[in-house]
Amino acid sequence: MGKLEEIAEAIEGGKSKIIAGLVEEALAEGIDPLKILNEGMIATMGNVGEKFKKAEIFVPEMLVAARAMKKGVEVLKPKLAAGAATAAGKCIIGTVSGDLHDIGKNLVGMMIESAGFEVIDLGVDVPVDKFIETLKENPDTKVIAVSALLTTTMPAMKDTVAAIRASGLSGFKIIVGGAPITQDYASQIGADAYAPDAASAAVVAKQLSAA
Ligand code: B1M
């Protein structure tokens, strides 16, 4: 079995204790960190989601897989976020109210940080008021990044964008993303940009903050 398959199997089986070692071994074998992330980890979470949809596994299995993935990402982080250098400004990031998914949001935060931003991570299940309060405390914020993973929390994303606009605060751009989010939806709710994945979120953040 190849190292990526071993990583995938360990994540799917929620083997948090061995995942860090496997990722280190993969890096030592010279496997590209992005390949480990995309093929060994993100693709595996897709499989986990499919199995959940078919009721082959349940929430506890999804949870332990997520924990294992986080442990693996910790090992990859210094490799993926190696480029942090220039001061691009502040970015406030969070997953919307009612939504507890944070792996994608954490990856987005990590890539935005490596693009030179100071990232203020509000975590998951972030009430609209928290975004606005943090924005008031950090008037030099350049980017607000809002994540949602559930179709049922897409309305919370819409409310978040609307409330930020209604606050009258300005000088920043809003980027949205997450599995159920599309460019169309982003435009519909008045976000400045949509990004399909963490790497493009960092590129878009940089472009918008320079505009
Ligand atoms: Co949940 N879950 N989950 N879950 N979960 C999904 C999302 C689901 C698709 C599974 C499925 O049914 N196939 C499904 C949603 C269905 C839908 O809405 N249509 C689902 C469900 C139903 C649920 C619960 C309702 C289950 C239940 O309780 N019955 C429940 C909801 C809890 C809540 O939030 N209130 C729930 C709970 C959980 C756990 C807590 C157990 C766990 C999350 C743990 C954690 O995050 N700490 C979990 C997990 C692990 C998943 C799956 C399996 C994996 C998610 C993940 O981490 N993917 C997921 C299935 C799937 O995604 N295929 C699923 C890897 C990650 C890297 O990808 O987050 O998509 P992702 O991020 C991507 C892009 O989306 C993008 O960049 C990242 C890649 O580079 N991106 C952005 C994300 N945010 C962005 C922001 C941006 C730009 C890009 O700009 C700001």
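When the stretch 162-188 is examined, which residues are found to be closer than 30 Å to Glu50 by Cα and either of a type in the set (Lys, Arg) or buried (at least 20 other Cβ atoms within 10 Å of the Cβ) (or both)?
Hits for the stretch 162-188 are Ile175, Val176, Gly177, Gly178, Ile181, Ala186.
Check Thr141 against each of (1) within 13 Å of the ligand (Cβ to nearest atom); (2) open to solvent by less than 30 Å² (accessible area, probe 1.4 Å) and name the one condition it does not meet.
Failing condition for Thr141: (1).
Could you identify the single residue in Ala191, Ala115 that is of a type in the set (A, V, I, L, M) and at pLDDT below 95?
Values: Ala191 fails: at pLDDT below 95.
One residue alone meets the criteria, Ala115.
Given (1) crowded, with 17+ Cβ neighbours inside 10 Å; (2) under 12 Å from Gly94 (Cβ atoms); (3) among the small types (Gly, Ala, Ser), identify the lone condition not met by Gly123.
(1)
I need a count of the residues in the stretch 1-38 that are under 21 Å from the mean Cα position of the chain (by Cα) and more than 16 Å from Lys71 (Cα to Cα).
Count: 2.
Just give me the residues in the stretch 63-102 being near the ligand (Cβ under 8 Å from one of its atoms), within 13 Å of the chain's Cα centre (by Cα) and at pLDDT 95 or above, in sequence order.
Within the stretch 63-102, Ile93, Thr95, Asp99, Leu100, His101, Asp102 meet the criteria.
Here's a check for you: in the stretch 69-121, which residue that is part of a loop (DSSP other than H, G, I, E, B) and of a type in the set (S, T, N, Q) is nearest to Ser209 (Cα to Cα)?
Narrowing the stretch 69-121 to residues part of a loop (DSSP other than H, G, I, E, B): 81-88, 97-102, 115-116.
Pick out the ones that are also of a type in the set (S, T, N, Q) and you get 86, 97.
Numbers: Thr86: 13, Ser97: 25 Å.
In this case the residue turns out to be Thr86.
The values are calculated or read from the model by the stated rules, or taken from the named source; none is laboratory data. Just so it is clear, the model here is predicted, and its values are computed rather than measured. Counting neighbours? That spans all protein chains shown, and the Cβs are built from the backbone with ideal geometry, glycine included. To get the accessible areas, we keep the full protein, side chains included, count just its heavy atoms, and leave off ligands, DNA and RNA. Shrake-Rupley method; radii C 1.70, N 1.55, O 1.52, S 1.80 Å.
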